[in-house]
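This report concerns only the one structure given below.
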Amino acid sequence: MSPTAIPGNLILQSPTANDPLLDLNTQPSLDLQFATSKTLNDRVSGQNLITFSRSTTGTYVDSNGIIQTAAIDTPRFDHDPTTGESLGLLIEESRTNIITSSSVFNTGGWVQDGIILTANAGVAPDGTTTATSLSQGTGNNRCFYFDNTGSGNKTLTIFAKSNVGSSIAISGNLFYGTNSVGSIVLNTANGTVSNASGCSSVALPNGWYRFIIPINVSTGFGNTNYIEIKGPASSVFIWGVQIETGSFPTSYIPTTTSAVTRAADVATIEGTNFSSWFNQSEGTVFTDLAAKGVSSIDAAFAIGSSGDADRWLQQYFLPSSVFYEYEQGAPPAHPYTVGSFIKSAIGRSQGDNAVALNGSIVQSDTYSGSYNPVFLKIGVSGDPNRIFNGHIARLAYYPYRLADATLQEITS
């Protein structure tokens, strides 16, 4: 099909070098460049059209790889901790760190058993001098925290760094379930994790790593489920331990005396902030984003009017696939890799719809249903439980249906 003419009330913007989205023949009426601008402002209007909320503070990584804290109701523009690359707007579901003292290891349920702990001995990943030095003493040489929160999939994360020695061990036969055999050795010299299926690490500046360890706690063990941090032959720094319910980690949630819950990120455009750029009869949505983990069925965005079923368009993520929904029924799912950025564009008009994903048309149909949407939800659908967990680098909307070739071009 040929593209619809640009509406006369759309103010054309100057194109940016090597940016196919800003070709003068394909001008969006909404352009949220989260990764580039690190703001909520729409590039077209120059205004912030988004109502954003998060009822608690939340952490993120700045361009220097340092963990920072965003205030209540303040968006988080996250960065790759290794490269410093801007990743865009961070959206996460609500999570709770059940560790009651995440960085002070002689209080809050931690039991010191022979190991030598020196508080405030080094610079932590948040830039403060709050890292604890852990070294070998006498006896069992360990400290541990009892987990009596019940069964289910959980994720343990801990920040660690080599001081004098090179490794720290989280001992075996303590996580009853899938990862219960053998000790989990965290090599703080090179960031590797051994003897534990599914474990991994993320490098931060100044020799720090965040180690990620999946836990499957079986039922019936009660207080016998615990973390045990064993003392190395030499010294390491530790900081920021977190256990959260879920199969993947989220941003660090600091605690001091009790478990702490970080609220979900909520971003919505509605009212005249929505109607000013939306075209009921046809349109195209472009997204550049990455899911860093999927809880069940998570929504990257939704254009609709009320409940989850009343949708003009929604983008959903499953653990291994993504699909685009603008009709009743089960649309096809398309494979993707968790953690990888994908570009997609969905063009809609009455009876002529298509989806491009990373440069290829992957879905098309002649559906012609009619809806009357009144909002754009970013990082969630009409169902408030379907929250996206990841980064949105860019979201743009065109008030006309782009040609299939253009959908492919802007997603390549």
- prompt: Do we find that ILE99 is touching an Asp or Glu at 6+ places or on another chain (Cβ under 9 Å) and within 16 Å of ILE269 (Cβ to Cβ) in this structure?
  reply: no
query: Looking at (1) in contact with a Ser or Thr (Cβ under 6 Å, 6 or more places away or on another chain); (2) hydrophobic (A, V, I, L, M, F, W, C); (3) in a loop (DSSP other than H, G, I, E, B), which is the only condition ALA356 fails?
result: (3)
The range 322-336, subset part of a loop (DSSP other than H, G, I, E, B) and either crowded, with 17+ Cβ neighbours inside 10 Å or on the phi > 0 side of the Ramachandran plot (or both), residue modelled with the lowest pLDDT: GLY329
- prompt: What residue, of SER368, SER381, is farther than 23 Å from ILE91 by Cβ and either modelled with pLDDT under 90 or touching a helix residue (DSSP H, G or I) at 6+ places or on another chain (Cβ under 7 Å) (or both)?
  reply: SER368
query: Tally time: how many residues in the range 1-59 are modelled with pLDDT of 75 or more, of a type in the set (A, V, I, L, M) and in a loop (DSSP other than H, G, I, E, B)?
result: 4
task: Show the residue pairs that are 6+ apart or on different chains and have beta-carbon atoms under 6 Å apart, the first residue being within the range 246-259 and on the phi > 0 side of the Ramachandran plot, the second being not in a loop (DSSP other than H, G, I, E, B) and not aliphatic (A, V, I, L, M).
output: GLY246/THR155
- request: Please tell me if PRO125 is in a loop (DSSP other than H, G, I, E, B), modelled with pLDDT under 95 and touching a strand residue (DSSP E or B) at 6+ places or on another chain (Cβ under 6 Å).
  value: no
Checking SER275 against (1) of a type outside the set (A, V, I, L, M, F, W, C); (2) within 30 Å of THR130 (Cα to Cα); (3) surrounded by fewer than 20 Cβ atoms within 10 Å (Cβ to Cβ), the condition it does not meet: (2)
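Residues checked against (1) surrounded by 14 or more Cβ atoms within 10 Å (Cβ to Cβ); (2) modelled with pLDDT under 95:
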| residue | (1), (2) |
| --- | --- |
| ILE297 | yes, yes |
| ARG311 | yes, yes |
| GLN314 | yes, yes |
| SER320 | no, yes |
| VAL338 | yes, yes |
| ARG348 | yes, yes |
| GLY351 | no, yes |
| ASN358 | yes, no |
- request: Please go through the range 385-412 and pick out each residue that is assigned to a helix (DSSP H, G or I) and in contact with a Pro (Cβ under 6 Å, 6 or more places away or on another chain).
  value: GLU409, ILE410
message: Which residue is farthest from ARG54 (Cα to Cα), if the candidates are limited to the range 252-302 and must be touching a Lys or Arg at 6+ places or on another chain (Cβ under 6 Å) and not in a strand (DSSP E or B)?
response: ILE297
task: Look through the range 270-312, keep the residues that are more than 25 Å from HIS79 (Cβ to Cβ) and either β-branched (Val, Ile, Thr) or not assigned by TED's automatic domain parsing to the domain that holds TYR397 (or both), and return whichever of them is nearest to the chain's Cα centre (by Cα).
output: ILE297
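The values are calculated or read from the model by the stated rules, or taken from the named source; none is laboratory data. Because the structure is predicted, anything quoted here is derived from the model rather than measured. Cβ sites come from the backbone with ideal geometry, for glycine too, and all protein chains shown count toward neighbours.
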